[in-house]
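The values are calculated or read from the model by the stated rules, or taken from the named source; none is laboratory data. In this text, all values refer to a predicted model and were calculated from it rather than measured experimentally. Note: ideal-geometry Cβ built from the backbone for every residue, glycine included; neighbour counts use all protein chains shown. In case anyone asks, the SASA skips ligands and DNA or RNA and just uses the protein heavy atoms, side chains included. Shrake-Rupley method; radii C 1.70, N 1.55, O 1.52, S 1.80 Å.
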Amino acid sequence: MLKGLFTTLKIALEKPVTTQYPEQRRPVHTRFKGRHTLKRYENGLEKCIGCALCAAACPADAIFVEASENTDEERYSPGERYASTYEINMLRCIFCGFCEDSCPTEAIVLGDQYEMSFGDRHSSIYTKELLLEPVSGDAETTPQKTKPGEFTRSVPVMQDPQD
Amino acid sequence: MTEAKKEKFIVPIGPQHPALKEPGNFEFTVDGEIVTDATVRLGFVHRGIEKACETRNYTQDMYLLERVCGICSHVHATAFVLGVEKLAGVQAPPRAEAIRVLAAELERIHSHLLWFGVAAHEAGFDTLFMYTWRDREVVMDILETLSGSRVHYSVNILGGVKIDIDQKLSDLIKKDMDFLEERTEHYMKVVTTDETFLGRTRGIGTLSRDRAKLLGAVGPTARASGVKRDVRVNAPYSGYKEFPVKMVIDQTGDLEARFVVRLKELYESYRLIREILEKIQPGEISTRIKRKIPEGEVISRVEAPRGELFYFIKSNGTEMPDRVKVRTPSLCNWGTITDVAVGHKLADMPMLLAGIDPCFSCNDRMVEIRSDSQPSQMMNWDGLRKYGIEYYK
């Protein structure tokens, strides 16, 4: 009996393994696949060029992309086109990360956010405004007015082609 | 008195199962406390995955099939991918195959620990349940670090794997394996010596070797009865050719043997994971595969944590498969339940059910009921749609 009590005492002094969720949060791992974010370049232009490769790759058909033409007066992204509509249905999304893999400009990235709850089905569709990350620093938000001939290439030159 | 004895008393259990968290309907005919007959009715979680596969391309199917089961998701994807690779005549690079085995073994650890917890819970040993699930969290954490998801890992892609391992990750896994091995040793002691636990398991639900063979038992259930049935050993696939496993066999065939076999398999998994991490060769992790798969039929078998998983894939030369047939291990093991249940007390039933590690979502097969009194209830898509609209009006 003493041996049993000793075990109880030993366990009682141990740190609890559970986390008190809303107050304490467990950090997610680097490879964690959470909510998507649409990235921007440092100059504030959107990385997404509206090629819809992510929509084609998506196993769950969760992504809807509609592209429009960029002009130098109203420039959203480098190159000819940008995504005028970008919607992800979070009820369909299976967080496989295939969109991330297929993106030629590394525009869509699965982040670390996992708290997504919605009251109705309509709010499960995340629009471009929700997904797009805010501009960093003093960069201008899109659409920007740019000089002609500055952003003709839609896919940036890769620094490390092995990556 | 003799009149009363002739009356059959049937205890229906489920579909809202009191012990397991999944739907399955059982009817136990009892004589007092003793069960004299048992039937099982499945298919409450039919989701039409096989049919849905025919309308998606191979990559999409892989993700869909991964969702057949929430516990053994990696093996489903592996079975499918191996089949498709065979059809396309593509061989995944050795490093990819090793990573596939690594993920499969981690999944086996996670599945066996989960089952162990559930079985302990059925036995009324909730402390053990809490401990095993705490330790399961360790392996879940590894899987999250490895793949980014705790449940559906999506490690596979057609022609290889998506994720790679580095030194840091391999050190972390090795450290956690040491911890888990120490814990498993403790569980082994509990399972084989604890009086209350042995009371629920020793000599209960004994399945003889011949019966197990006859009923087509697979996986740990069969191996606990002395049947040498393990796809990893009998027909090595993927990385198991390079990293062989030892088959764990027990001759007793009772519930205790099933616990012992599964726990011993855990040791084998730890050993194999360490071996893979030591011996893994650097190299490519994926090869290119065409979108259109050549015409043909293929059978693909892998060893899921619960037993042999079987896939049949028929391709018609397009981007989508013509037919995908899934035969899950749980389905094979149901026969053993209805067989061994006879002669046991009703109170032993939850333990017997838990003993085969049942997975109800694996049992979503279409069953056509042929009855003389009722006409066939086969429906085509339009009819089903119309029926659905009418029903929910």
Against the condition assigned to a helix (DSSP H, G or I), open to solvent by 30 Å² or more (accessible area, probe 1.4 Å) and out of contact with any strand residue (DSSP E or B) (no Cβ under 7 Å at 6 or more places or on another chain), how does B:Arg183 come out, does it pass? yes
Conditions (1) assigned to a loop (DSSP other than H, G, I, E, B); (2) open to solvent by 30 Å² or more (accessible area, probe 1.4 Å); (3) modelled with pLDDT of 85 or more; number of the one not met by A:Phe151: (3)
Mind checking which residues of the range A:51-99 are of a type in the set (D, E, K, R), more than 10 Å from every other protein chain (Cβ to nearest Cβ) and touching a residue at least 24 places away in the same chain (Cβ under 8 Å)? A:Asp72, A:Glu73, A:Glu74, A:Arg75, A:Glu80, A:Arg81, A:Glu87, A:Arg92
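Somewhere in the range A:39-49, is a residue over 22 Å from A:Ser136 (Cα atoms) and either touching a strand residue (DSSP E or B) at 6+ places or on another chain (Cβ under 9 Å) or away from chain B (no Cβ under 13 Å) (or both)?
Step one: list which residues in the range A:39-49 are over 22 Å from A:Ser136 (Cα atoms), which gives none.
No.
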Which residues, counting only those in the range B:140-177, are in contact with an Asp or Glu (Cβ under 7 Å, 6 or more places away or on another chain) and either of a type in the set (Val, Ile, Thr) or facing another protein chain (nearest Cβ under 10 Å) (or both)? B:Ile142, B:Arg150, B:His152, B:Ser154
The lone condition B:Ser147 fails out of (1) surrounded by fewer than 23 Cβ atoms within 10 Å (Cβ to Cβ); (2) at pLDDT below 90; (3) not charged (D, E, K, R) is (1)
Enumeration of residues in the range B:63-98 that are closer than 12 Å to B:Gly159 by Cα and at pLDDT below 90: none
Considering only the range B:235-246, I want to know if a residue exists there that is open to solvent by 10 Å² or more (accessible area, probe 1.4 Å), farther than 27 Å from B:Cys53 by Cβ, touching a residue at least 24 places away in the same chain (Cβ under 8 Å) and part of a loop (DSSP other than H, G, I, E, B). yes
So B:Glu66 ticks every box in (1) in contact with a Lys or Arg (Cβ under 8 Å, 6 or more places away or on another chain); (2) within 11 Å of another protein chain (Cβ to nearest Cβ) but one. Which box is left unticked? (1)
Can you tell me which residue within the range B:119-141, out of those that are among the β-branched types (Val, Ile, Thr) and surrounded by fewer than 20 Cβ atoms within 10 Å (Cβ to Cβ), is nearest to the chain's Cα centre (by Cα)? B:Val138
Boolean, B:Val324 is of a type in the set (Val, Ile, Thr), within 19 Å of the chain's Cα centre (by Cα) and at pLDDT 85 or above: yes
Residue ID - nearest to the other protein chains (Cβ to nearest Cβ), chosen from residues in the range A:100-117 that are open to solvent by less than 70 Å² (accessible area, probe 1.4 Å) and farther than 17 Å from A:Thr30 by Cα: A:Ser102
Criterion violated by B:Ser111 - all others in (1) open to solvent by 50 Å² or more (accessible area, probe 1.4 Å); (2) touching a Cys at 6+ places or on another chain (Cβ under 9 Å) satisfied: (1)
Being in contact with a helix residue (DSSP H, G or I) (Cβ under 8 Å, 6 or more places away or on another chain) and not in a helix (DSSP H, G or I) is the requirement here; does B:Ala217 meet it? yes
